[in-house]
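Read the structure below first, then the notes.
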Amino acid sequence: MTKSSIAVALALAFIGQAFAQAPAWGQCGGEGFSGPTTCVSGWVCTYSNPFYSQCLQGTAPPSSSTSTPSTTPGSGTTTKPTTTTTASGGSATLAPGYSFIRAVEDPNFHQYLQSKTLNSPGPAVLGSPSTAAQFQITSAGQLVQNAAGTNLYAHVEDRANSTVVKLAVSWSTTPAASGTFMFSGDTVEWSIPTISRPQTNAWLVCPDAAGNRLLYINLGAYDYMTPAGCADETIHAYTGATATA
Ligand SMILES: *[C@@H]1O[C@H](CO)[C@@H](O)[C@H](O)[C@H]1NC(C)=O
């Protein structure tokens with residue numbers, strides 16, 4: 001961003017405040033925010049995280065907990081458009097600072113990381129693009145799901161003994177001290193000092209009896225001695241506006 005565009009953005013933000021409507025791309029909510037909570041015509045106040053909502057064009061918030069319900073131009077009603085989809089196959093439009101996470105190899109090609117029961121604690125699965133969840137990895141190595149405005153933290157099960165070759169991943173409402181997640185380029189990696197693994201980017205997807213594609217850390221090498229019923233995968237950040245099939 002150039003100095004002049006920053007100046008314009010600041011000026012717009014100031015004007016937006018002065019006229020009690022947040023400008024395009026401006027902040028419109030969040031803890032401690034005291035400015036206007038509605039956006040200029042044609043823009044929608046979109047929840048990003050507890051500290052930040054932003055005016056976006058033609059978007060559906062990924063959250064039902066937007067503190068400032070937005071008025072959709074033309075609809076005449078104030079809505080929480082949690083069921084709105086903006087593109088075929090897409091879940092909500094990706095919020096600023098978040099990524100979708102998906103597999104890119106068959107048999108799980110473009111299946112997206114989410115909770116087995118959407119937006120809920122419990123097993124981590126790969127599933128339909130239409131229900132793709134959105135994620136951040138914190139500087140402390142926590143993988144965090146934006147579950148309709150509530151944070152869910154990835155937990156990795158403890159290794160019971162040295163014969164265990166895969167570790168289940170699940171979502172919890174509390175942060176975990178179970179290893180370190182990171183993006184290496186767009187690839188999601190996981191490591192923990194107590195376990196030596198040949199590759200930090202090796203994952204497994206092992207469907208349960210009901211067909212849920214449960215996600216596991218692969219403690220072995222990618223594509224080598226794959227446990228029965230599982231498929232080797234790497235998983236990757238995807239930052240397109242919507243989750244595509
Ligand atoms: C290792 O842990 C797994 C999972 O808890 C268990 O099923 C298995 O029996 C254990 N094996 C040994 C040798 O303790």
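The values are calculated or read from the model by the stated rules, or taken from the named source; none is laboratory data. Source: prediction; values computed, not measured. Cβ sites come from the backbone with ideal geometry, for glycine too, and all protein chains shown count toward neighbours. The protein model used for the area step is the full one, side chains on, heavy atoms only, and it has no ligands, DNA or RNA in it. Shrake-Rupley method; radii C 1.70, N 1.55, O 1.52, S 1.80 Å.
If we scan segment 156-167, do we find a residue that is in contact with a strand residue (DSSP E or B) (Cβ under 7 Å, 6 or more places away or on another chain), more than 16 Å from the ligand (Cβ to nearest atom) and within 28 Å of Gly220 (Cβ to Cβ)? Looking through segment 156-167, none of the residues is in contact with a strand residue (DSSP E or B) (Cβ under 7 Å, 6 or more places away or on another chain), more than 16 Å from the ligand (Cβ to nearest atom) and within 28 Å of Gly220 (Cβ to Cβ). Restricting Ala140, Ala160, Ala124, Ala168 to those that are farther than 21 Å from Ala228 by Cα and of a type in the set (A, V, I, L, M) reduces the list to Ala140.
Per-residue answers, yes or no, for (1) at pLDDT 50 or above; (2) within 20 Å of the chain's Cα centre (by Cα); (3) among the small types (Gly, Ala, Ser):
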residue: Ala18; (1), (2), (3): no, no, yes
residue: Pro36; (1), (2), (3): yes, no, no
residue: Trp43; (1), (2), (3): yes, no, no
residue: Ser48; (1), (2), (3): yes, yes, yes
residue: Ser53; (1), (2), (3): yes, yes, yes
residue: Pro61; (1), (2), (3): no, yes, no
residue: Thr68; (1), (2), (3): no, no, no
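Taking segment 180-245 as the region of interest, the strands (runs of 3 or more DSSP E) fully inside it that hold 2 or more residues being open to solvent by 40 Å² or more (accessible area, probe 1.4 Å) are 180-184. Within segment 99-122, the residues that satisfy the criterion of being open to solvent by less than 60 Å² (accessible area, probe 1.4 Å), more than 18 Å from Thr180 (Cα to Cα) and either among the hydroxyl-bearing types (Ser, Thr, Tyr) or part of a strand (DSSP E or B) (or both) are Phe100, Arg102, Ala103, Tyr112, Gln114, Ser115, Ser120, Gly122. The single residue among Leu126, Leu204 that is modelled with pLDDT of 95 or more, within 30 Å of Ser53 (Cα to Cα) and not polar (S, T, N, Q) turns out to be Leu126.
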